[in-house]
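Working notes, beginning with the structure itself.
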Amino acid sequence: MISFFKEKSTPAVIGLLLVSAAIRAFFWQHPPQIITTANDGFIYYPLSQLPVLSGIALVFIYHFIIVIQALRLDSVLNDVRMFPKPAFTTALAYIILTALLPAWNNISSALVVNSMLIWLLYRLTKLYNTQQPKTLVYNIGLITGSAVLLYFPACPLILVAFFALASFRPFRFNEWVILLIGIFTPFYFLAGWLFLNDKLNLVFQQLEILKFHIIRPSNILFTVITLATAGMAIIAGVFMWQSNSGHMVIQVRKNWSVLFVMLILLLPTIYFINSAWPEALLLSAIPAAPFVSNVFLYPKRNIGPALLFWLFVALVVYNNWFIAKI
C-alpha cells in the first residue's frame, strides 16, 4: 500500500482520492459541517454563509480542499528536494493526519487557513536563493499578517517568519523592517476601516480571546491514544531527518528546521486562545505531514510503514464511527 505512493505517478493521485474517500466513508452518514465562530477571526464572516449548502456539496468541497492541499504541500516539498526522490508520501500523510479527530473532518477556519500556510511555506523556501529579497520578504509578511487576521490561532506564524528570515538570509536591518511592515499592512487597513466606522472598540473585545485554559476532551483516553500515536510517528520522522541530514544540502536542512520550528510553535496555541481546541491543532498537520512522510519513505522494508498506516486508519475509523466527539 505505502510503496504505491513512493513513486510520483498519475495512478498515485487517483490513489490519494480513493484513500481520502475511503477513510471518510462516514461522510455518507454524517456529512461535514461548517465549524466557525466569531472568535476564529475574520474568516468567520465568509464561512458562516456556507451552511446553506447541502450535505453532498459540503462532502465534495471538503474532499476537494483536503486533496488539493495535500497535493500542493507535496509539490512544494518535492520542488525544493526535501526527500531523496519525488513521492506522494507527504500528501498521503496529510490526508490521514487530517482525518484523525472527528472535529477535523469538518470545514473549519483552520482547514481553510491551511492553504495559506502552504503558500507561506512555499515563499519561505524561496528565501535562500531569491534575487529580489525585499519583494519576497514583504510578500511573506503580507501572507503572515493576513493569515493571522483571518484566523487568530495562526499568530505563531509571525515568529516562524522571523525565524526563517534569520535562517535563510544574513542579517539586514532593512529586510527585518520590511517583514514587519508586511505583517502590519493588513492590520493597518483594518484599523483604518474600524476608525472610519467608529468601531475601534472591537479591537479590545477581540483581545478577550487570549486566555490560558486547560483542555478537557470529551473522550480523554482515545484523544491521548490518537495524539500520542501521531506524536510518536512525528518523533520517529524527526530522528530520520536528523540521521539523514548529513546527505542534505544547506538549503534543505534549513527548510527542515523551519518546518520543525513551525510545528513546535503551532502546538501550544490551543492552550492560550479561547475556543481554539481542537480545530486550531489542525494547523500543525502542515509541518507534521513531512515528518510522518519520512517514516513512510525512508525504511527499506514496508512492514513498519504499513503497520503505521493501518494503525492510523484504525484510529480514524474508531474515532469517527464510534466516538461522537473529541
query = Which residue pairs have Cβ atoms under 6 Å apart, sit 6 or more places apart or on different chains, and have a first residue in segment 229-252 that is in a helix (DSSP H, G or I) and a second that is of a type in the set (S, T, Y) and at pLDDT below 95?
reply = M240/Y298; Q251/Y128
task = All but one of (1) surrounded by fewer than 16 Cβ atoms within 10 Å (Cβ to Cβ); (2) within 21 Å of L97 (Cα to Cα); (3) in contact (Cβ under 8 Å) with a residue 12 or more places away in the chain hold for L210, so report the exception by its number.
result = (2)
query = Considering segment 276-298 alone, what residues qualify as being small (G, A, S) and not in a helix (DSSP H, G or I)?
reply = A276
key: Within segment 101-123, considering residues that are assigned to a loop (DSSP other than H, G, I, E, B) and closer than 15 Å to H63 by Cα, the one most open to solvent (accessible area, probe 1.4 Å)   = N106
request  = Please list, ordered by first then second residue, the pairs with beta carbon atoms under 7 Å, 6 or more apart or interchain, first in segment 124-148 and surrounded by 17 or more Cβ atoms within 10 Å (Cβ to Cβ), second not in a helix (DSSP H, G or I).
outcome  = T125/V80; L127/R169; P133/R169; L136/K126; L136/L127; L136/T130; V148/C155
query = Are any of the residues in segment 78-100 part of a helix (DSSP H, G or I) and more than 30 Å from S245 (Cβ to Cβ)?
reply = no
Residue tally, condition assigned to a helix (DSSP H, G or I) and either open to solvent by less than 30 Å² (accessible area, probe 1.4 Å) or in contact (Cβ under 8 Å) with a residue 24 or more places away in the chain (or both), over segment 149-191 = 28
Given (1) without any contact (Cβ under 8 Å) to a residue 12 or more places away in the chain; (2) not acidic (D, E); (3) not in a loop (DSSP other than H, G, I, E, B), index of the condition R301 fails = (3)
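The values are calculated or read from the model by the stated rules, or taken from the named source; none is laboratory data. The model shown is predicted, which means the values in this text are computed figures rather than measured ones. All Cβ positions, even for glycine, are placed from backbone atoms using ideal geometry, and neighbour counts span all protein chains on display. Protein only, heavy atoms only, side chains kept; ligands, DNA and RNA dropped before computing areas. Shrake-Rupley method; radii C 1.70, N 1.55, O 1.52, S 1.80 Å.
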